[in-house]
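Taking it in order: structure first as structure tokens, then the write-up.
The values are calculated or read from the model by the stated rules, or taken from the named source; none is laboratory data. Please read all numbers here as calculations on a predicted model, not as lab measurements. Counting neighbours? That spans all protein chains shown, and the Cβs are built from the backbone with ideal geometry, glycine included.
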Amino acid sequence: MWTIFIILICILVLDHFINRRLIKKLPIERSTLENESKYVNKQHKYGENILYWSSYIVMLFSILEFPSLRIFIFIGVGLVFEFRTYMKWKFTREKKTYLLSAVTCGLFLIGSIVYALLDYTAIV
């Protein structure tokens, strides 16, 4: 269980530094980040909420009942960010804010691979 917390903290720290560097390097203005609404349309809103709540339920069950499925903690959150990346890329491509969500998605997928490698004996 400690492995999950350590990986999540590493993802949080890496995400913060990488996104900060991307904001400085790319033409992403702070005003677009502050004024941008969270969802680009209703399909994005409902799709992300469904993915969010389903991954939350899977997290609870994997932590409490099924320890062999704890890898879905990372995969579920990665899917939420993947959906957000796709929707922002599809509808607001010129702002390039989709890259920030893509970084987070990639870090969660890498986190799932690291967790699978470190806790392989607990999974099997």
**Request:** Could you grab me the full set of residues in region 23-54 that are among the aliphatic types (A, V, I, L, M) and modelled with pLDDT of 90 or more?
**Result:** ILE50, LEU51
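Just to verify a result, which residue in region 91-104, among those that are in contact (Cβ under 8 Å) with a residue 24 or more places away in the chain and out of contact with any Leu (no Cβ under 8 Å at 6 or more places or on another chain), is surrounded by the most Cβ atoms within 10 Å (Cβ to Cβ)? First the steps, then the outcome.
Step one: list which residues in region 91-104 are in contact (Cβ under 8 Å) with a residue 24 or more places away in the chain, which gives 91-92, 95-97, 99-100, 103-104.
This time we only want the ones that are out of contact with any Leu (no Cβ under 8 Å at 6 or more places or on another chain), so: 91-92, 95, 104.
Working: PHE91: 14, THR92: 14, LYS95: 15, THR104: 23.
Per the stated criteria, the residue is THR104.
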**Asked** Just a yes or no: is a residue in region 42-55 touching a residue at least 24 places away in the same chain (Cβ under 8 Å), basic (Lys, Arg) and either more than 16 Å from ASN19 (Cβ to Cβ) or part of a helix (DSSP H, G or I) (or both)?
**Response** no
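Could you list all residues from region 36-83 that are among the aromatic types (Phe, Trp, Tyr) and surrounded by 17 or more Cβ atoms within 10 Å (Cβ to Cβ)?
Within region 36-83, the subset among the aromatic types (Phe, Trp, Tyr) is 39, 46, 52-53, 56, 61, 66, 72, 74, 81, 83.
Passing the criteria: TYR39, PHE72, PHE74, PHE81, PHE83.
Look through LEU60, LEU14, LEU22 and report the one residue that is without any contact (Cβ under 8 Å) to a residue 12 or more places away in the chain and not charged (D, E, K, R).
On the way: LEU14 fails: without any contact (Cβ under 8 Å) to a residue 12 or more places away in the chain; LEU22 fails: without any contact (Cβ under 8 Å) to a residue 12 or more places away in the chain.
Unique residue meeting the criteria: LEU60.
With respect to ILE113, determine if the residue is surrounded by fewer than 16 Cβ atoms within 10 Å (Cβ to Cβ) and in contact with a Phe, Trp or Tyr (Cβ under 9 Å, 6 or more places away or on another chain). Please lay out each step first, then the result.
Details: surrounded by fewer than 16 Cβ atoms within 10 Å (Cβ to Cβ): yes; in contact with a Phe, Trp or Tyr (Cβ under 9 Å, 6 or more places away or on another chain): yes.
Judged against the criteria, ILE113 is a match.
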